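Read the structure below first, then the notes.
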Amino acid sequence: MHTYFSKIARRIDNKGCMGKEGYLVLCERNQKYYSLGKPQALELVSSEDFIHALVEGCKAIVRSFADSADNGDVYMFNLYTDENANIYVYMNTLPCLEESLRNHNMEDYQNLREINSLKFNQADLGFEFWQEHMGDAGRIINAFEDLAYSTNGVGRYYSESEENPKPIIAFEADIIEAGYYALAVRAVEQLIAEDVFAALNKTKDFVAFASTDNGYLDYSLVMRKTISLELFYGLFPYLQQKDMQYQEELHSLHPVSVCEALDYWHEAVNSPYLSTVSPYKYVRCEYDIFLQLERFGNDLAKECLRRLNQLCFDQLEQEEINGMHYYVEALYFSGKLTDEQKEMCRMIACKIKEARQDLDYLVDELKILINT
């Protein structure tokens, strides 16, 4: 199922997403539980609190680096997140880049794309920081990582009870669920707005950006959130060419119907990254497919619901399950659903829940659509 990063992109792009309700609570002995109600007499971390912690933690790192002997020709700052809820800060300087190029026997390379494979690759950057370098804010980041690690589906497997150890801190569940990706972008935007990087001796083409550990998503959306398009194309001219090629393909598809468009992109969403029909060859991600389906409006909802309603949910093949993920995600891009369509979503969710215990994720997504 390859719609996960479309969901993440929706969050980052502020496209009609309701977050998971409730709170995730971190207890002693690293135990966790889910609480639908607001925990009492306990430190609570909201989305705004989490952004504040990220911003303050990054400020501490920048101040420390600015006072060091390494503060020269700084060309990048990266707030990194990934599926395992790791949070790191990466920085690099031109001297460190030159050393890395020498180590890879690439000092004489002229190919900008190959140079950039090192220039912006976290594994080849000279400076890495984590919560221990974030001052007081590091406590919140550390608690987040402890709570988020391996808690996919925690709301389904844990409940509040007297048997739980003493609670320590609670986070809005949506932060843990997937919201932290978007909050990292907001944090970098705030750092730029506050001119925090003025303390650094920067290059003229210095960039600050968040990242998700998914290169397709990062280059197509996340990095562009905090890097101007002019500068972005200056750093990555080959991506400007890819953008043009992608727009040409989309233009060629405009005469097609909603049914034809859904059929055309189905393989790309649910197939390997090197598929012939694929946004990945343009350094784009699944999200871009759904974005260009938006033009069909409510006709897209009608067709997706029709296809979902035709399935026999207790006899599903893997290809049909992939299709379900595809059609449910597409519903988020079809505009506001009618009351009748929401009722269809409710009926489909009930059928899925009765037939399959392993597709709760789809049931949750349909519930969000119903309540939107």
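Candidates in the stretch 246-265 are the residues that are under 13 Å from residue 327 (Cβ atoms) and touching a residue at least 24 places away in the same chain (Cβ under 8 Å); of these, the one that is nearest to the chain's Cα centre (by Cα) is 265.
Please verify whether the stretch 146-155 includes one or more residues that are at pLDDT 95 or above and in a helix (DSSP H, G or I). No: zero hits. Scanning the stretch 166-199 for residues that are outside any helix (DSSP H, G or I) and either of a type in the set (Ser, Thr, Tyr) or open to solvent by 10 Å² or more (accessible area, probe 1.4 Å) (or both) yields a total of 6. Annotation: of all residues in the stretch 1-43 being of a type in the set (A, V, I, L, M) and farther than 27 Å from residue 331 by Cα, the one that is surrounded by the fewest Cβ atoms within 10 Å (Cβ to Cβ) is 41.
Among residues belonging to the stretch 113-139 that are assigned to a helix (DSSP H, G or I), in contact with a Phe, Trp or Tyr (Cβ under 7 Å, 6 or more places away or on another chain) and open to solvent by 20 Å² or more (accessible area, probe 1.4 Å), point out the one that is farthest from residue 222 (Cα to Cα). Checking each candidate, the answer is 115.
Could you tell me whether residue 83 is under 30 Å from residue 9 (Cα atoms), at pLDDT below 95 and open to solvent by 20 Å² or more (accessible area, probe 1.4 Å)?
Values: under 30 Å from residue 9 (Cα atoms): yes; at pLDDT below 95: yes; open to solvent by 20 Å² or more (accessible area, probe 1.4 Å): yes.
When the stated conditions are applied, residue 83 passes them.
For the stretch 221-233, the criterion of being of a type in the set (Asp, Glu) and within 30 Å of residue 40 (Cβ to Cβ) is met by none of the residues.
Yes/no matrix, rows are residues, columns are (1) under 24 Å from residue 227 (Cβ atoms); (2) without any contact (Cβ under 8 Å) to a residue 40 or more places away in the chain:
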position	(1), (2)
8	yes, no
19	no, no
30	no, no
34	no, no
56	yes, no
67	no, yes
77	yes, no
82	yes, no
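Pairs linking a residue in the stretch 111-132 that is of a type in the set (Gly, Ala, Ser) to a residue that is modelled with pLDDT of 95 or more and open to solvent by less than 30 Å² (accessible area, probe 1.4 Å), with Cβ atoms under 9 Å and 6 or more positions apart or on different chains, are 126/90; 126/91; 126/92; 126/93.
One line per residue, one yes/no per condition, for (1) within 30 Å of residue 269 (Cβ to Cβ); (2) of a type in the set (Asp, Glu):
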site	(1), (2)
9	yes, no
14	yes, no
23	no, no
28	no, yes
32	no, no
37	no, no
61	no, no
64	no, no
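Residues that are out of contact with any Asp or Glu (no Cβ under 7 Å at 6 or more places or on another chain), surrounded by fewer than 21 Cβ atoms within 10 Å (Cβ to Cβ), of a type in the set (Asp, Glu) and free of Cβ contacts under 8 Å to residues at least 12 places away in the same chain: does the stretch 230-243 have at least one? Yes, the conditions are met somewhere in the stretch 230-243. Here residue 94 fulfils each of the conditions (1) surrounded by fewer than 18 Cβ atoms within 10 Å (Cβ to Cβ); (2) touching a Ser or Thr at 6+ places or on another chain (Cβ under 8 Å); (3) of a type in the set (A, V, I, L, M); (4) closer than 28 Å to residue 370 by Cβ apart from (4). Only one of the numbered conditions (1) modelled with pLDDT under 95; (2) assigned to a loop (DSSP other than H, G, I, E, B) is not met by residue 227, and that is (1).
The values are calculated or read from the model by the stated rules, or taken from the named source; none is laboratory data. Note that this is a predicted model, so its numbers are computed, not measured. So basically every Cβ, Gly included, is an ideal-geometry build from the backbone, and we count neighbours across all protein chains shown. Protein only, heavy atoms only, side chains kept; ligands, DNA and RNA dropped before computing areas. Shrake-Rupley method; radii C 1.70, N 1.55, O 1.52, S 1.80 Å.
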